[in-house]
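The values are calculated or read from the model by the stated rules, or taken from the named source; none is laboratory data. Everything numeric here is computed off the predicted structure, so don't read it as measured data.
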Amino acid sequence: MTKARSTVATILIALILLQGCAVASYRFAHQSKTQTDYEKDKYECGLVAQQISNNPQNRSNPLIVGPIAAREFADCMKYRYGWEKVSCNQGEPGCGLYFQ
């Protein structure tokens, strides 16, 4: 696969994953942390997910990069910082915003 095709495939996968984010039916919740804590933790876990995405072994198969990075992000939020992924109903205030 040429570099151009690989780039196009990566962009298409990212768009598909972003579309899924727009209809997320969960959010992250923590009993004792604030919005500021959430933003800090989200940033740190985003760096972890970015490392997964930038790994040359993972980039060789763009179909797995997004799901692996998303799982690593969620695991980081849960196991490093104690955030729980809580399901919610579409249209409910805060649903899909990842913080409660």
Seminar exercise, completed: Of (1) at pLDDT 85 or above; (2) under 12 Å from the mean Cα position of the chain (by Cα); (3) under 18 Å from Thr36 (Cα atoms), Glu72 satisfies every one except (3)
For this session: Only residues that are modelled with pLDDT under 75, assigned to a helix (DSSP H, G or I) and of a type outside the set (A, V, I, L, M, F, W, C): list them for the stretch 19-65, please.
Result: Gln19, Gly20, Pro56, Gln57, Asn58, Arg59, Pro62
